[in-house]
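The values are calculated or read from the model by the stated rules, or taken from the named source; none is laboratory data. On a predicted model such as this, the values are computed, not experimentally measured, just so you know. Note: ideal-geometry Cβ built from the backbone for every residue, glycine included; neighbour counts use all protein chains shown. In case anyone asks, the SASA skips ligands and DNA or RNA and just uses the protein heavy atoms, side chains included. Shrake-Rupley method; radii C 1.70, N 1.55, O 1.52, S 1.80 Å.
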Amino acid sequence: MSKFLVKARILNPISDRKCCVYDDGAMVFSEKKGEIYYCGKFKELPKKYHSLTCIDYSDRVIVPALYDLHFHWVQDDVRLMPKASLLSWLSQYTWPHEAKFKNKKFSRMKAQKFFKRLAGVGTIGGAVFSSLHEHSLEHAIEFACGDYVVGNVLMTMNSPKELTQTQKNAKTLIDKFSKKYQSSYALTPRFAPTTHPEIMAYGAKVAKKNKCFIQSHLCETQNEIEYVLGLYRKIPGFEKVKSYVEVYEKCQILGKKTLMGHGIYLSKDERKILSKTKTKIIHCPTSNAPVKERGLGSGLFNFKSCERDGIDWALGSDIGGGPFLSMFDVMRSFVMQNEKAEISGATYTKALYRTTLKSAEILEISRTSGNFAAKKFANFLVLKAPKSIGGTGHSAEKILSAIIKKCAKKRSAYDSLVEHTYYRGNKL
Ligand code: GUN
Ligand code: FE
């Protein structure tokens, strides 16, 4: 008997504007195959499932498990370090810390602990940056529980000595990992300043041949953009580049499997190129938030102009730029920062969609994951429900808002919001 019936209030995200609510909901899934057989109203549950072992979460809320499409697993210890701006935080705290991952034992121990905690806060997939060390990618692959795309950052120039690899080493790792891990590998130029354009161009060819993803950072701060343009306009062939996006375009790393973190300061022309190449943006609101909210103070991503120009986007934590692991904190930050700026349309419903189904689409796994359509995998979270949403008939927006706002005052409380994480029908 590996089939179970779960009773709960179930939220099933469908789009930016639609999330189904089943107050007296039922879900039938197989622990062995990990598949969903039924998700909907209990009163419409087919008779054949009535005798199954029932797990009663009637006073709980169930949502799909979450994806984090941009984070650095090797930055867990710098999440809460003092932040003033991106470039100073990188050189002062982040890079010296990442250098420690040269030690294999340290890296392995960190990966084991980190990914266990990540599953505990409800994240079961995403796109992740390791350090430049070969084993730090291998450790992420070994311990990440769920559907992850992993890349070793490529750092061949303008980096501290202990975090600089030769171009030959970068190419060797690209060749090895892209063949070995295919679509679970992401070619990962850290960002334009630290990766030779020849390496990006070489990597793009190899990545595309092996159906790998590509991930990097783009237009996160004004200083960074000036730095990039200053550097590249001195490089033969790049003298006339007009923008950061053009730098990446010339290196051929844009495309439908490319995930660019941030994209806060994009011109109309840059958005045009991103749209045309089907490049995705991963918005990381907790990392971009003001310094007093423990972010890097980078600015507010303009989701409306990206949507208007047909650019796909999803949410990421950017750990350690983002201070907390939980994607619920990221959803909160997305809604609250836009609310504060009086920008409409940044709802919790949208935030959940951009952390579940949309993210699965970007990872190219939405046929099997991302929400509770029949035959998809049973990847779900059991959440405590606040008293304010007792009874029935509340909208998805009201339910999500109550759950997420409850932890807003003490953000570390998001770490214990998730009671259980189920991945492919198995409780983790
Ligand atoms: N740009 C280049 N490297 C990084 C990083 O580690 N974090 C963030 N937020 N931006 C970057
Ligand atoms: Fe990042």
Using only Cα atoms, find the angle between the long axis of helix 104-120 and the longest principal axis of the chain, and express it within 0 to 90 degrees, rounded to the nearest 10. 40 degrees
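Net charge near residue 160, counting Lys/Arg +1 and Asp/Glu -1 over other residues with Cβ under 15 Å of its Cβ?
Working: positive: 100, 102, 161, 190; negative: 98, 162.
Net local charge, residue 160 excluded: +2.
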Can you order the peptides 357-370, 411-424 by their average number of other Cβ atoms within 10 Å per residue, highest first? 357-370, 411-424
CD proxy at 222 nm, helix term only [per DSSP H run n ≥ 4: -39500 (n - 2.57); per residue of the chain; nearest 500]: -9000 deg cm²/dmol
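Leaving out ligands and nucleic acids, note down the accessible area per residue over the chain with a 1.4 angstrom probe, in whole Å².
Details: 17440 Å² over 428 residues.
I get 41 Å² per residue for this part.
Within the accessible area of the chain, what % is carbon and sulfur when the probe is 1.4 Å and the other protein chains stay in place?
Details: 9020 of 17440 Å².
The nonpolar share, carbon plus sulfur, comes to 52 percent.
In segment 336-385, what is the count of Lys pairs whose alpha carbons are under 23 Å apart, counting only pairs at least 8 residues apart or on separate chains?
Working: 340/350; 350/358; 350/376; 350/384; 358/375; 358/376.
Count of close lysine pairs: 6.
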Give me the distance between the Cα centres of segment 253-272 and segment 340-384, rounded to whole Å. 22 Å
Roughly how many nanometres apart are two label points built 7 Å out from the Cα toward the Cβ at residue 53 and residue 15? 4.0 nm
Over the Cα atoms, compute the radius of gyration (one decimal) and Dmax (the largest Cα-Cα distance, rounded to a whole number) for segment 115-225, in Å. 14.0, 40
How big is the chain on each of its three principal axes, counting only the C-alpha atoms and giving the largest first in Å? 70, 46, 38
Rounding to the nearest 10 and keeping the result within 0 to 90°, find how far the Cα-based axis of helix 396-405 lies from the longest principal axis of the chain. 60 degrees
Out of segment 13-105, which trypsin sites (Lys or Arg not before Pro) are coil in DSSP terms and have no more than 15 other C-beta atoms within 10 Å? 17, 18, 32, 33
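Multiply the residue gap between residue 412 and residue 179 by 0.36 nm, knock off their C-alpha separation, and tell me the result in nm, one decimal place.
Here the segment from residue 412 to residue 179 would lengthen by 80.0 nm.
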